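Notes follow the structure.
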Amino acid sequence: MDERTFGRSQQHASVVGLGTWQLGADWGDVDDKEALAVLEAAAETGVTFFDTADVYGDGRSEETIARFLRGRPDLHVMVATKMGRRVDQIPENYVLDNFRAWNDRSRRNLGVDRIDLVQLHCPPTPVYSSDEVFDALDTLVAEERIAAYGVSVETCEEALTAIARPGVASVQIILNAFRMKPLREVLPAAQEAGVGIIARVPLASGLLSGKYTKDTVFPENDHRTYNRHGESFDVGETFSGVDYTTGVETAAEFSALAPEGYTPAQLALRWIIQQPGVTTVIPGARSPEQARANAAAAELPELSEPTLAAIRDLYDRRIKDRVENRW
């Protein structure tokens with residue numbers, strides 16, 4: 001699989017990575033055996049970038065990755081984690097002492113002395129404008145606790161503020177066929193600055209797989225049940241902020257655009273891979289089969305201009321006015 005560079009840090013990631021929120025919590029139950037099988041399947045297909053967070057299963061996702069990599073010392077995988085969501089979401093909590101404590105916990109969970117990439121996990125908006133916050137992150141690099149740092153953001157404005165910071169190696173942002181606003185300013189700014197872009201929620205919480213109907217019922221411990229209206233965290237993280245009925249209807253139209261040989265999910269991933277400025281896209285997977293199918297999107301032919309235009313038209317007609325004023 002092709003790899004791309006996080007410009008400022010010179011680290012490399014496969015164009016399709018693996019998001020591991022599913023392996024920790026909030027997507028129904030995934031047992032340890034299945035979680036390890038997902039990681040194995042991803043690695044077999046050339047995935048060299050795993051994205052996790054200290055809150056995914058309260059550390060379970062980090063620990064599962066560590067267990068897997070201990071058994072596969074032959075692999076060279078860049079592991080990115082996130083920090084900051086285990087405390088009240090107020091700017092005053094984003095200080096060096098807390099960063100060190102959170103970093104100590106993640107390093108223990110991951111079984112490493114230095115973490116490849118640590119990202120602030122969608123912090124309060126004022127955090128992005130704080131010199132002290134980024135000085136503290138620079139200190140973590142100087143202390144060799146982390147090799148590089150980035151941010152995970154909710155809005156395009158937050159992304160642009162972060163990109164202007166000289167030490168930021170990457171920005172993780174929701175980017176998919178239902179969330180195109182980052183294409184206008186965020187991706188060009190990141191390219192110019194040499195900042196990597198990690199595209200998350202690429203399938204709009206599964207909507208773009210075309211597998212769901214209006215009658216689909218998700219488990220109670222799945223955020224697609226309990227966060228549909230932003231009850232627990234930003235609603236943009238669930239179905240990309242599109243109301244479920246509209247999402248299902250639009251996803252059916254999207255699925256019909258898939259060229260021969262593509263699944264709808266692979267169409268969604270291939271679309272992201274082709275966007276200039278994207279470093280890696282991080283679909284999650286709950287089974288080895290899903291992990292392999294996601295990785296296969298990297299090997300499919302580029303989408304044609306008519307297909308790209310049809311995807312854009314669908315977004316403009318059905319989705320744009322529902323999301324762009326919020327994120």
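The values are calculated or read from the model by the stated rules, or taken from the named source; none is laboratory data. This structure is a prediction, so every number in the text was calculated from the model and none was measured. Because the Cβ atoms are built from the backbone with ideal geometry, glycine has one as well, and the counts that use them run over all protein chains shown. Each accessible area value is taken on the protein alone, full model and side chains, heavy atoms only, with ligands, DNA and RNA left out. Shrake-Rupley method; radii C 1.70, N 1.55, O 1.52, S 1.80 Å.
May I ask you to list the residues in the range 182-211 that are in contact with a strand residue (DSSP E or B) (Cβ under 9 Å, 6 or more places away or on another chain) and charged (D, E, K, R)?
Within the range 182-211, just Arg200 meets the criteria.
What number of residues within the range 62-94 are assigned to a helix (DSSP H, G or I) and either farther than 19 Å from Ala285 by Cβ or out of contact with any helix residue (DSSP H, G or I) (no Cβ under 8 Å at 6 or more places or on another chain) (or both)?
Number of matching residues: 5.
Could you go through the range 244-257 and let me know if any residue there is modelled with pLDDT of 95 or more, open to solvent by 10 Å² or more (accessible area, probe 1.4 Å), assigned to a helix (DSSP H, G or I) and closer than 25 Å to Met78 by Cα.
No, the range 244-257 contains no residue that is modelled with pLDDT of 95 or more, open to solvent by 10 Å² or more (accessible area, probe 1.4 Å), assigned to a helix (DSSP H, G or I) and closer than 25 Å to Met78 by Cα.
Can you find a residue in the range 215-222 that is under 15 Å from the mean Cα position of the chain (by Cα) and hydrophobic (A, V, I, L, M, F, W, C)?
no
Can Arg8 be described as closer than 17 Å to Tyr149 by Cβ and at pLDDT below 95?
Taking the combined requirement at face value, the residue satisfies it.
Determine if the range 170-178 includes at least one residue that is open to solvent by less than 20 Å² (accessible area, probe 1.4 Å), closer than 30 Å to Asp131 by Cβ, assigned to a loop (DSSP other than H, G, I, E, B) and not small (Gly, Ala, Ser).
yes
Looking at (1) part of a helix (DSSP H, G or I); (2) open to solvent by less than 20 Å² (accessible area, probe 1.4 Å); (3) among the aliphatic types (A, V, I, L, M); (4) farther than 29 Å from Leu23 by Cβ, which one does Leu308 not meet, given that it meets all the others?
Condition not satisfied by Leu308: (2).
For Leu140, work out the one condition from (1) modelled with pLDDT of 95 or more; (2) outside any loop (DSSP other than H, G, I, E, B); (3) open to solvent by 10 Å² or more (accessible area, probe 1.4 Å) it doesn't fulfil.
Looking at each condition in turn, Leu140 falls short on (3).
Got a number for residues in the range 210-243 being open to solvent by 20 Å² or more (accessible area, probe 1.4 Å) and among the small types (Gly, Ala, Ser)?
Qualifying residue count for the region: 3.
Please state which of the following conditions Val278 fails to meet, knowing it meets all the rest: (1) β-branched (Val, Ile, Thr); (2) over 19 Å from Lys181 (Cβ atoms); (3) in contact (Cβ under 8 Å) with a residue 24 or more places away in the chain.
So the condition that Val278 fails would be (2).
Quick check on my filter: what residues within the range 158-169 are open to solvent by 10 Å² or more (accessible area, probe 1.4 Å) and either small (Gly, Ala, Ser) or part of a strand (DSSP E or B) (or both)?
Ala164, Gly167
Mind checking which residues of the range 109-133 are in a helix (DSSP H, G or I), open to solvent by 10 Å² or more (accessible area, probe 1.4 Å) and in contact with a Gly (Cβ under 9 Å, 6 or more places away or on another chain)?
Of everything in the range 109-133, just one residue is in a helix (DSSP H, G or I), open to solvent by 10 Å² or more (accessible area, probe 1.4 Å) and in contact with a Gly (Cβ under 9 Å, 6 or more places away or on another chain), namely Asn109.
I need the full set of residues from the range 258-283 which are touching a strand residue (DSSP E or B) at 6+ places or on another chain (Cβ under 7 Å) and part of a helix (DSSP H, G or I), in order please.
Scanning the range 258-283 gives Ala268, Leu269, Ile272, Ile273.
Could you give me the residue pairs with C-beta distances under 6 Å whose first residue belongs to the range 107-136 and is farther than 23 Å from Phe6 by Cβ, whose second residue is polar (S, T, N, Q) and in a loop (DSSP other than H, G, I, E, B) wherever it lies, and which are 6+ apart or on separate chains?
Pro124/Gln89
Determine the pairs where a residue that is free of Cβ contacts under 8 Å to residues at least 40 places away in the same chain and more than 16 Å from Gly284 (Cβ to Cβ), located within the range 228-241, has a partner that is in a helix (DSSP H, G or I) and open to solvent by 50 Å² or more (accessible area, probe 1.4 Å) with Cβ atoms under 7 Å apart, the partner being 6 or more residues away or on another chain.
Partner pairs satisfying both residue conditions: Ser232/Tyr226.
Do you know which of the residues in the range 1-58 that are without any contact (Cβ under 8 Å) to a residue 24 or more places away in the chain and in a loop (DSSP other than H, G, I, E, B) is surrounded by the most Cβ atoms within 10 Å (Cβ to Cβ)?
The selected residue is Gln10.
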